[in-house]
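The values are calculated or read from the model by the stated rules, or taken from the named source; none is laboratory data. Since this is a predicted model, take the numbers as computed values, not measurements. Every residue, glycine as well, gets a Cβ built from its backbone with ideal geometry; the counts of neighbours run over all protein chains shown.
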Amino acid sequence: MESEVSVFIQPTPNPNALKFIANKPVKKEGNSTYRSPLDCAENHLASKLFEIRGIDQVHFFDTVVTITKFGYEDWEEIEEKIVNTIKELLPSHNPDYFDPDPEADRRRNLSPELQEIEKILDKTIRPGLQGDGGDVQTVSYEDDVLLIKYQGACGTCPSSTTGTLQAIQGILRDEYSPEIQVYIAPDY
């Protein structure tokens, strides 16, 4: 007999994002971020979560579903709906699903400097960000100035412009170049 799905809720640094941690995997390899129902393709669990009013983004990583909500929605109104949806659909969800990975293609085309910086971020910063439903992506590197872009829950997190940015810069100064400066790329 298969064990019942249990879910517990954990806060993230972003007040508009919560982690819903299950006792079964939602994504066995890598992670997936969905910004709209159209992004979900064959992922029925993600699609159903977007049917809950106020959901802005859904992120799958290991046993964690991180939900980012729109600021106008109250967690008390949607937490139980999210938990119930996960409990209902996780038994039939395939955690080995495949999502196309445009990030792998993007990385192959980066300069050697940016590829090295990405490797440093992979081993130092990314695990924490991904655990909270977010990520960071390098945009450009020129004259010791690195531009980055936050993804997922990190994109709207207040600490991304202060503590997280300072941590990224500090690690890259230690492991890559003592002269590097890190800034958030402007949105176009």
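Can you name every residue in region 97-114 that is outside any helix (DSSP H, G or I) and either at pLDDT 90 or above or among the polar types (S, T, N, Q) (or both)?
Of everything in region 97-114, those that are outside any helix (DSSP H, G or I) and either at pLDDT 90 or above or among the polar types (S, T, N, Q) (or both) turn out to be 109, 110, 111.
Output the residue which, of all residues in region 164-188 that are in a loop (DSSP other than H, G, I, E, B) and among the aromatic types (Phe, Trp, Tyr), is surrounded by the most Cβ atoms within 10 Å (Cβ to Cβ).
Per the stated criteria, the residue is 176.
Give me the residue from region 1-20 that is assigned to a loop (DSSP other than H, G, I, E, B), at pLDDT 90 or above and surrounded by fewer than 17 Cβ atoms within 10 Å (Cβ to Cβ) and, out of that set, farthest from the chain's Cα centre (by Cα).
4
Residues are listed down the side, and each one gets a yes or a no for (1) touching a Pro at 6+ places or on another chain (Cβ under 8 Å); (2) in contact (Cβ under 8 Å) with a residue 12 or more places away in the chain; (3) assigned by TED's automatic domain parsing to the domain that holds residue 30:
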{"site": "87", "(1), (2), (3)": "no, yes, yes"}
{"site": "108", "(1), (2), (3)": "no, no, no"}
{"site": "112", "(1), (2), (3)": "no, no, no"}
{"site": "119", "(1), (2), (3)": "no, no, no"}
{"site": "137", "(1), (2), (3)": "no, yes, no"}
{"site": "148", "(1), (2), (3)": "no, yes, no"}
{"site": "170", "(1), (2), (3)": "no, no, no"}
{"site": "177", "(1), (2), (3)": "no, yes, no"}
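In this structure, does residue 95 turn out to be surrounded by fewer than 18 Cβ atoms within 10 Å (Cβ to Cβ), in contact (Cβ under 8 Å) with a residue 40 or more places away in the chain and over 14 Å from residue 172 (Cβ atoms)?
yes
Can you pull out every residue in region 115-132 that is closer than 16 Å to residue 61 by Cβ, of a type in the set (D, E, K, R) and assigned to a helix (DSSP H, G or I)?
122, 126
Of the numbered conditions (1) farther than 21 Å from residue 34 by Cβ; (2) at pLDDT 85 or above; (3) surrounded by fewer than 20 Cβ atoms within 10 Å (Cβ to Cβ), residue 158 fails exactly one; give the number of that condition.
Result: residue 158 fails condition (2) only.
Spot the failing condition for residue 141; the list is (1) of a type in the set (Phe, Trp, Tyr); (2) touching a Ser or Thr at 6+ places or on another chain (Cβ under 8 Å); (3) part of a loop (DSSP other than H, G, I, E, B), and only one is missed.
Tallying (1) of a type in the set (Phe, Trp, Tyr); (2) touching a Ser or Thr at 6+ places or on another chain (Cβ under 8 Å); (3) part of a loop (DSSP other than H, G, I, E, B), residue 141 fails exactly one: (3).
Under 8 Å between Cβ atoms, which residue pairs at least 6 apart in sequence (or on different chains) link something in region 36-59 that is aromatic (Phe, Trp, Tyr) with a partner that is modelled with pLDDT under 95?
That search, which allows pairs on different chains as well, returns 50/34; 50/36; 50/37; 50/40; 50/58.
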